[in-house]
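J.: Pasting a structure here, questions to come.
The values are calculated or read from the model by the stated rules, or taken from the named source; none is laboratory data. This is a predicted model, so every value here is computed, not measured. Note that we place each Cβ from the backbone using ideal geometry, even for glycine, and neighbour counts take in every protein chain shown.
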Amino acid sequence: MPATLSNLEVFAIPPTQLAIDSSYEVSFRPSSTLDSAKTYDIQIPSSDDFTDLSETMLHVKLDIKDKDSKPVADTDVINVVSGFSCALFEQIDLYLNTVNVSQASGLYHYQAYLEDMLFRHNNKADSGAMWDDDEKNKARIKKPFDLYFKLHNPLCAQRNLLLNNIPILLRISRNSDSFGIIGTNTKQFKLKILDIAVHIKRVKVFPDVSLGIQEGLEKSPVNYFITINEVKSFVIPTTITTANFENVFSGVLPRRIGFRSC
């Protein structure tokens with residue numbers, strides 16, 4: 001069948017986008033204090049506008065001090081792991097209308113790190129998640145610093161807009177202070193979160209589009225097709241040479257299985 005190139009279609013009029021009116025960004029912070037809390041709840045109220053979860057970003061302001069709450073000195077031997085944003089939290093739960101749509105495994109930090117290592121494309125925004133070289137990170141953590149990175153959640157990895165009038169809750173659980181910090185055995189350091197905020201993108205659609213979606217909801221529910229990356233941890237004693245892993249998966253057959261030892 002003969003075909004032509006799009007750059008030769010000089011007589012055709014390109015289609016005009018008539019569904020989305022505009023978009024804007026809003027930010028939300030935890031309702032509780034950050035000083036001694038290990039879990040932070042960020043309430044995102046419902047809105048008349050749709051939500052683009054794929055553009056959800058987390059902003060965290062951090063400060064590393066020694067156990068006496070003194071700033072890191074130039075003589076201190078300290079650094080952080082590459083991709084330090086992945087090591088901050090052990091679990092991030094996403095609730096839609098009080099329903100948890102995340103996997104509560106407590107291994108979010110490993111999942112985020114592996115996804116960034118396998119699927120991330122190198123760009124200048126990597127510095128926001130501390131995917132810099134060691135020397136840059138070492139100089140950066142001597143004073144309060146900011147991280148700005150995407151969430152690792154299946155719903156945040158797909159492009160369909162979340163319907164309006166759905167409240168969202170982000171429940172963020174911290175890792176231990178020492179996780180992700182590279183130091184020496186002679187001096188301990190602690191990590192303090194100075195500020196944390198989630199930035200989401202709201203999308204305003206034209207009334208005809210919203211009405212059409214409401215009419216469609218009267219006939220059938222909406223569908224969000226997602227790809228789930230699941231991480232499981234197993235302990236292998238050093239004294240054995242053969243290990244059997246049971247219940248690696250159940251139900252849906254995974255497309256691929258990877259192994260990482262540490």
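J.: Take the residues in the stretch 77-128 that are of a type in the set (D, E, K, R) and touching an Asp or Glu at 6+ places or on another chain (Cβ under 8 Å), then tell me which one is nearest to residue 147 (Cα to Cα).
T.: 126
J.: Yes or no: the stretch 188-207 includes at least one residue that is exposed (fewer than 14 other Cβ atoms within 10 Å of the Cβ) and either at pLDDT below 85 or among the β-branched types (Val, Ile, Thr) (or both).
T.: Checked the stretch 188-207: at least one residue is exposed (fewer than 14 other Cβ atoms within 10 Å of the Cβ) and either at pLDDT below 85 or among the β-branched types (Val, Ile, Thr) (or both).
J.: Quick one: residue 74 ticks every box in (1) under 20 Å from the mean Cα position of the chain (by Cα); (2) in contact (Cβ under 8 Å) with a residue 12 or more places away in the chain except a single one, so which number is it?
T.: Every condition holds for residue 74 apart from (1).
J.: Quick one: what pairs do we get from the stretch 208-234, first residue aliphatic (A, V, I, L, M), second surrounded by 11 or more Cβ atoms within 10 Å (Cβ to Cβ), C-beta under 6 Å, 6+ apart or different chains?
T.: That search, which allows pairs on different chains as well, returns 209/19; 226/154; 226/158; 228/154; 231/107; 231/110; 231/111.
J.: Can you name the residue in the stretch 43-54 that is part of a strand (DSSP E or B) and modelled with pLDDT of 95 or more and is also farthest from the chain's Cα centre (by Cα) among such residues?
T.: Of all residues in the stretch 43-54, those part of a strand (DSSP E or B) come to 43-44, 50-54.
Next cut, modelled with pLDDT of 95 or more only: 43-44, 50-53.
Working: 43: 16, 44: 16, 50: 20, 51: 16, 52: 14, 53: 10 Å.
So, considering only residues that are part of a strand (DSSP E or B) and modelled with pLDDT of 95 or more, the one farthest from the chain's Cα centre (by Cα) is 50.
J.: Sticking with this structure for a sec: Kindly indicate which of 160, 165 is polar (S, T, N, Q), surrounded by 13 or more Cβ atoms within 10 Å (Cβ to Cβ) and part of a loop (DSSP other than H, G, I, E, B). Before you say what the answer is, go through the steps one by one.
T.: Values: 165 fails: surrounded by 13 or more Cβ atoms within 10 Å (Cβ to Cβ).
Going through 160, 165 in turn, just one is polar (S, T, N, Q), surrounded by 13 or more Cβ atoms within 10 Å (Cβ to Cβ) and part of a loop (DSSP other than H, G, I, E, B): 160.
J.: Sticking with this one: Can you name every residue in the stretch 172-189 that is under 28 Å from residue 41 (Cα atoms) and in a loop (DSSP other than H, G, I, E, B)?
T.: Residues satisfying the conditions are 175, 176, 177, 178, 179, 180.
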